[in-house]
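The values are calculated or read from the model by the stated rules, or taken from the named source; none is laboratory data. Note that this is a predicted model, so its numbers are computed, not measured. Positions of Cβ are backbone-derived with ideal geometry, glycine not excepted, and every protein chain shown enters the neighbour counts. What goes into the accessible areas is simple: the full protein's heavy atoms, side chains included, and nothing from ligands, DNA or RNA. Shrake-Rupley method; radii C 1.70, N 1.55, O 1.52, S 1.80 Å.
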Amino acid sequence: MKGRVLAGLILGACCTAWAGSSAHWSYAGDTGPDKWASLSPDYGACGGDNQSPINLTGFTEADLPAVEFSFQVGGNEILNNGHTIQVNVPHGNSILVDGIHFNLKQYHFHAPSENRIDGKSYPMEAHLVHADKDGNLAVVAIMFTEAEQNMALAGAWSQLPETAGVSRALASPADVEGLLPESRDYYRFSGSLTTPPCSEGVRWLVMKTPVSASTEQLAAFTHVLHHPNNRPVQPIKARLVLQ
Ligand SMILES: [Zn+2]
């Protein structure tokens, strides 16, 4: 069941198939983050002990092995789902973590960042959502600083859908590989989806090195989304943040 829910979510098909059983949620007010766990029995995990995002701090030295990235194929569709801007990716991109292949399904953005690093918030964060054959998830998070234009965003950003519910085929494949920072050093912790149903058991791999986006690119994202889309940081509790 868990695998089916997660697979539906990451394929983006969830929102039709699961609309009947999924309560409306948002980033503020009566359906905001502090209410998610009580909005629906399906969202109970939002009150769990291993939730994302977190403030990454108090690092544990772990000599983490390199994540093996095999990204060749670009994103082919961009979607405004009202909660984020998402780029869907066809089969053919994967990472190798813990000896397991996780296929990249989609990536999407949050502004400001959801995770913090030693208390620092960033103007935007990308989440590259991967799933293995059993539906287990691994998310690669990339922080953005406000600096020069990010060419890997440029194509998709030229087709940002302004209206929730609108998707568009991308004119040219979005550059997934180009989103990654040059240094692939990362922090790792165990967490959850940062949106309902907040399912836990997600491998979080947060790139230590941020990448850049221009003032205009950051403004374009917040313009089409109309509201901040960051869940507040959650308690770390018993978890370790490895580096
Ligand atoms: Zn996300």
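HN-Hα J couplings of the range 23-38 from phi, Karplus 6.51/-1.76/1.60, θ = phi - 60°, integer Hz, Gly and Pro as x?
Ordered by residue, 3J(HN,Hα) equals 6, 4, 9, 8, 9, 7, x, 5, 10, x, x, 6, 10, 3, 4, 9 Hz.
Report the calculated FRET efficiency for T163 and D49 (r = Cβ-Cβ distance, R0 = 35 Å), to the nearest 0.05. Display every interim value, and only then the final one.
On the way: r = 37 Å, r/R0 = 1.07.
Calculated value: 0.40.
Ranked from highest to lowest mean number of other Cβ atoms within 10 Å per residue, what is the order of the peptides 172-181, 137-146? It would help to have the intermediate numbers written out before the result.
Working: 172-181: 17.7, 137-146: 21.7.
The densest-packed peptide leads the list: 137-146, 172-181.
Can you work out the Karplus-derived ³J(HN,Hα) for every residue in the range 220-231? Use 6.51 cos²θ - 1.76 cosθ + 1.60 with θ = phi - 60°, whole Hz, and x for glycine or proline.
Ordered by residue, 3J(HN,Hα) equals 5, 5, 5, 5, 6, 8, 6, 7, x, 10, 10, 6 Hz.
Mind listing the long-range amide H neighbours of S212? Cut-off is under 5 Å, sequence gap 5 or more, other chains count too, H placed in the peptide plane at 1.01 Å from N.
The list, which skips near neighbours in sequence, is T145.
By how many nm would the segment from S183 to S26 lengthen if fully extended, with 0.36 nm per residue of separation less the alpha-carbon distance?
Details: separation 157, 0.36 × 157 = 56.52 nm, distance 3.44 nm.
Full extension of this stretch gives 53.1 nm more.
Given the pairs K35/K208; K120/K208; K105/K237, which are separated by over 24 angstrom at their Cα positions? Don't skip to the answer; put the middle values down first.
Details: K35/K208 31 Å; K120/K208 12 Å; K105/K237 29 Å.
Beyond 24 Å between Cα atoms: K35/K208; K105/K237.
Quick check: residue separation of S190 and I100 times 0.36 nm, minus the Cα distance between them. What number comes out in nm?
Working: separation 90, 0.36 × 90 = 32.40 nm, distance 1.59 nm.
Stretched fully, the S190-I100 segment lengthens by 30.8 nm.
Expressed as a whole percentage, what fraction of the accessible surface of the chain belongs to carbon and sulfur atoms when a 1.4 Å probe is rolled over the protein heavy atoms?
Values: 5660 of 10760 Å².
Ligands and nucleic acids excluded, carbon and sulfur reach 53 percent.
Rounded to the nearest 0.05, what FRET efficiency do T57 and A219 give with R0 = 35 Å and r taken as the Cβ-Cβ distance? Could you check?
Values: r = 29 Å, r/R0 = 0.84.
After rounding to 0.05, the efficiency reads 0.75.
What figure, in Å² to the nearest 10, do you get for the accessible area of H101 with a 1.4 Å probe and non-protein molecules left out?
H101 exposes around 120 Å² with every protein chain in place.
Could you work out the percent of alpha carbon pairs in the range 2-225 separated by over 23 Å, rounded to a whole number? Please report the intermediate quantities before stating the final value.
Values: 11292 of 24976 pairs.
So the pairs more than 23 Å apart make up 45 percent of the total in the range 2-225.
Averaged per residue, what accessible area in Å² does the range 109-243 show with a 1.4 Å probe, protein chains only? Don't jump to the answer; show the numbers that get you there.
Values: 5500 Å² over 135 residues.
Dividing the accessible area of the range 109-243 by its residue count gives 41 Å².
Full-extension gain between K35 and S172, please, as 0.36 nm times their residue separation minus the C-alpha to C-alpha distance.
Numbers: separation 137, 0.36 × 137 = 49.32 nm, distance 3.97 nm.
Value of the extension gain: 45.3 nm.
Rg/Rh for the range 20-112: what does it come to with C-alpha atoms and Rh from Kirkwood? Can you show the working numbers first?
Details: Rg = 17.1 Å, Rh = 16.6 Å.
Rg divided by Rh gives 1.03.
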